[in-house]
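The values are calculated or read from the model by the stated rules, or taken from the named source; none is laboratory data. Remember, predicted model here, so these are calculated numbers, not experimental data. Positions of Cβ are backbone-derived with ideal geometry, glycine not excepted, and every protein chain shown enters the neighbour counts. Side chains included, ligands, DNA and RNA excluded: accessible areas come from the protein's heavy atoms. Shrake-Rupley method; radii C 1.70, N 1.55, O 1.52, S 1.80 Å.
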2 protein chains.
Amino acid sequence: MKIVETIEEVRKQVKEWKKQGLSVGLVPTMGYLHEGHQSLMEAAGKENDKVVVSIFVNPMQFGPTEDLAEYPRDLDHDAKVCEKAGVDLIFHPEPEEMYAPDFCSFVDMTGLTEGLCGKTRPIHFRGVCTVVNKLFNIVQPDRAYFGQKDGQQLAVVRRMVRDLNMDIEIIGCPIVREEDGLAKSSRNTYLSQEERKAALILAKTIRLGEEMAKTEKDAQKVIEAMKKNIETEPLAKIDYVEAVDAVSMEPVKTLDGECMLAMAVYIGKTRLIDNTLLNA
Amino acid sequence: MKIVETIEEVRKQVKEWKKQGLSVGLVPTMGYLHEGHQSLMEAAGKENDKVVVSIFVNPMQFGPTEDLAEYPRDLDHDAKVCEKAGVDLIFHPEPEEMYAPDFCSFVDMTGLTEGLCGKTRPIHFRGVCTVVNKLFNIVQPDRAYFGQKDGQQLAVVRRMVRDLNMDIEIIGCPIVREEDGLAKSSRNTYLSQEERKAALILAKTIRLGEEMAKTEKDAQKVIEAMKKNIETEPLAKIDYVEAVDAVSMEPVKTLDGECMLAMAVYIGKTRLIDNTLLNA
């Protein structure tokens with residue numbers, strides 16, 4: 001496994017592979033890799049001859065009051081996870097390699113990016129679209145893998161690829177959870193022991209919503225029940241609980257088509273997200 | 001020469017060529033082709049095995065009060081011009097092929113797009129960046145050719161390609177002029193006989209600026225002289241005359257580095273542009 005820091009090195013390696021007729025899968029990450037990322041690498045390994053993992057904490061997708069500086073980093077650990085998962089190349093650029101001092105282009109979206117996490121994080125998806133667009137252009141993979149955990153991000157990336165005619169297949173992979181149900185996230189490391197217990201309320205509420213939606217098709221009733229359930233946890237503060245169309249991310253009134261129950265909840269200062277797809 | 005209307009057909013053809021190891025040059029146009037476009041096709045033909053010309057009047061780059069409906073179109077004529085220039089493939093999509101009803105992604109830029117034509121045409125470069133980005137992803141050419149006539153557009157496309165790491169070489173080609181000096185433009189067809197004569201003031205003023213800049217390095221003085229010259233033509237109304245850095249499009253005070261004298265002038269209702277590169 002190679003670890004490279006420059007765009008030129010990635011391009012050179014991928015072009016060599018393509019000349020040999022090999023297919024390439026990309027797993028874009030911000031590092032501090034966990035079993036969720038591992039499942040993406042494994043999926044990529046099954047469907048492609050070569051697997052590239054990018055590890056880049058992208059400044060452009062963090063708001064001025066968000067956790068860019070605190071975001072956990074551990075390249076040595078990440079390299080071991082990748083090695084074990086059979087990854088062929090890690091791309092680990094410095095911010096300067098990705099953003100020239102006079103960088104001024106961006107990729108953005110209306111609609112899908114405005115609700116859910118976009119409300120609390122107004123510049124987030126512009127940063128995500130821009131860096132993912134760049135990574136796609138740098139690596140030129142056949143397929144790219146994203147976790148369903150960031151459900152809105154997955155929908156946004158799919159839309160960007162469709163709208164801008166990027167010649168890449170986007171694969172969404174199921175949420176990976178801890179034994180007790182908490183969705184795996186690099187941000188879970190921010191939680192104190194007490195908060196870690198309290199954080200379970202997200203997964204429990206997702207399960208509650210799933211169960212209820214089997215018979216109750218009124219989205220508002222399901223959302224209200226989920227909110228009430230979260231409010232039983234004193235350390236939890238709701239950012240949003242919503243039911244949206246799985247493709248357009250627009251709120252739905254009835255839970256009959258393919259849709260997503262999604263939430264963001266603060267546990268102490270840590271903002272966690274979780275979701276589930278219905279009728280998928 | 002093939003003419004195709006769907007993205008799928010373009011992709012299929014280009015992939016066949018690439019499998020054979022052939023290089024591809026793209027000339028993006030809005031059609032109504034003139035000798036300026038022809039010079040781009042010829043340049044593309046010299047440097048690439050295959051030449052693709054896109055003909056698409058892109059609604060997204062026209063403002064609500066601009067000339068989208070009136071913009072001249074003549075596919076039969078264009079096909080003849082392309083055939084004669086040795087073009088291999090014309091991509092001529094309908095707007096519906098390029099923009100799905102729920103299309104919502106875009107590529108945009110700060111800085112370079114804000115001055116010059118960006119002032120009068122605030123959404124223009126967002127439309128240009130988005131459609132050029134799409135065309136690059138659809139055709140995946142090795143090189144793409146743009147006229148220096150749209151000097152700001154060329155700088156913007158270069159910057160987009162650099163910032164978003166698109167693996168494409170951008171080639172700028174010199175302005176092609178009528179015998180009397182008027183820069184070739186599809187919009188010249190809007191001019192009445194009287195206006196056509198008056199329109200010469202642009203080229204004359206560009207030559208005046210070029211001459212003056214050989215000795216006068218104070219940008220403001222050159223700009224003032226150019227403005228005065230334009231004002232001698234009763235049918236002309238200045239939109240802007242500016243001296244900008246050739247890469248950043250930022251106004252310069254001194255004409256010593258690589259810079260551009262650029263202007264937009266209304267002749268009657270028709271808005272025409274012209275420019276020249278200094279110290280290039």
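Observations
- Across all C-alpha atoms in the range B:125-280, the radius of gyration and Dmax reach 16.4, 47 Å.
- 3J(HN,Hα) couplings calculated from phi for the range B:143-156 with the Karplus curve 6.51 cos²θ - 1.76 cosθ + 1.60 (θ = phi - 60°) are, in sequence order, 9, 10, 10, 9, x, 5, 3, 8, x, 5, 4, 4, 5, 5 Hz; Gly and Pro show x.
- Area of B:Y266 that stays accessible when all protein chains are in place (1.4 Å probe, Å², to 10): 60 Å²
- Near B:E250, the amide H atoms lying under 5 Å from its own belong to B:D245; only residues 5 or more places off or on other chains count, and H is placed 1.01 Å from N.
- Taking θ as phi - 60° and the Karplus parameters 6.51, -1.76 and 1.60, the scalar couplings of the range B:258-275 work out to 6, 9, 10, 8, 9, 8, 10, 9, 7, 10, x, 8, 8, 9, 10, 10, 7, 6 Hz in sequence order, x denoting glycine and proline.
- Subset of B:K149/B:K217; B:K204/B:K227; A:K134/B:K46; A:K227/A:K253 violating a 20 Å alpha-carbon distance limit: B:K149/B:K217; A:K134/B:K46
- Helix B:35-47 and the long axis of chain B differ in direction by around 50°, with both axes built from C-alpha atoms.
- Helix A:75-84 and the longest principal axis of the Cα set of chain A meet at an angle near 80°.
- Base-10 log of normalised Debye intensity for the protein assembly as shown (one unit scatterer per alpha-carbon) at q = 0.05, 0.06 Å⁻¹: -0.26, -0.37
- Around the amide H of A:K184, modelled in the peptide plane, lie the amide H atoms of A:V176, A:R177, A:E178, all under 5 Å away and 5 or more residues distant in sequence or on another chain.
- For the range A:27-153, diffusion coefficient by Stokes-Einstein and Kirkwood Rh (Cα), 37 °C, 0.692 mPa s, µm²/s: 212 µm²/s
- For the range A:101-141, the extents of the C-alpha atoms along the principal axes are 30, 27, 14 Å, listed from largest to smallest.
- Protein heavy-atom accessible area occluded, A/B pair - total, 1.4 Å probe, Å²: 2400 Å²
- Minimum Cβ-to-axis distance in chain A for the rotation onto chain B, with residue, whole Å: A:V107, 3
- Alpha-carbon centroids, the range B:233-258 and the range A:255-280: separation in whole Å: 52 Å
- Globularity index of chain A, i.e. its alpha-carbon radius of gyration over 2.2 N^0.38 Å: 1.01
- With every protein chain in place and a 1.4 angstrom probe, the accessible-area ranking of A:E233, B:E96, largest first, reads B:E96, A:E233.
- In this structure, the amide hydrogen of B:G147, modeled 1.01 Å from its nitrogen in the peptide plane, lies closer than 5 angstrom to those of B:C173, counting only residues at least 5 positions away or on a different chain.
- Intensity falloff of the range A:119-183 expressed as log10 I(q)/I(0), Debye formula with alpha-carbon point scatterers, at q = 0.20 Å⁻¹: -0.83
- Counting only protein heavy atoms and a 1.4 Å probe, chain B has 45 square angstrom of accessible area per residue.
- Rounded to whole Hz, the Karplus (6.51, -1.76, 1.60) HN-Hα couplings of the range A:101-110, x for glycine and proline: x, 9, 4, 8, 9, 7, 10, 9, 8, 9
- 21 Å Cα-Cα threshold exceeded, pairs from A:K197/A:K237; A:K84/A:K184; A:K19/B:K12; A:K12/B:K50: A:K12/B:K50
- Calculated Rg and Dmax of the range B:1-101 using C-alpha coordinates, Å: 14.0, 46
- Distance between the C-alpha centres of the range A:144-212 and the range B:14-88: 44 Å, rounded to the whole angstrom.
- Surface share of carbon and sulfur [accessible, 1.4 angstrom probe, percent] for the range A:2-173: 49 percent
- Viscosity 0.890 mPa s, 25 °C: Kirkwood-radius Stokes-Einstein D of the range B:153-227 over Cα pairs, µm²/s: 162 µm²/s
- In nanometers and ordered shortest first, the copy-to-copy spacing of the A:T189 label point, defined 7 Å from Cα toward Cβ, is 6.2.
- Pseudo-label separations to other copies for B:E216 - Cα-to-Cβ vector, 7 Å, nm: 7.8
- Within the range B:186-278, the ratio Rg/Rh, alpha carbon atoms throughout and Rh by Kirkwood, equals 0.99.
- Rounded to whole Å, sorted largest first: equivalent-ellipsoid semi-axes of the range B:202-256, Cα gyration tensor: 20, 13, 9
- Largest accessible area first, the listed residues A:H92, B:H124, B:H77 line up as B:H77, A:H92, B:H124 when surface is computed with a 1.4 Å probe on the assembled protein chains.
- Taking trypsin sites (Lys or Arg not before Pro) as exposed when DSSP calls them loop and at most 11 other C-beta atoms lie within 10 angstrom, chain A has its longest site-free stretch at A:1-213.
- Net lengthening on full extension, B:E224/B:D67 (0.36 nm per residue, minus Cα-Cα): 53.5 nm
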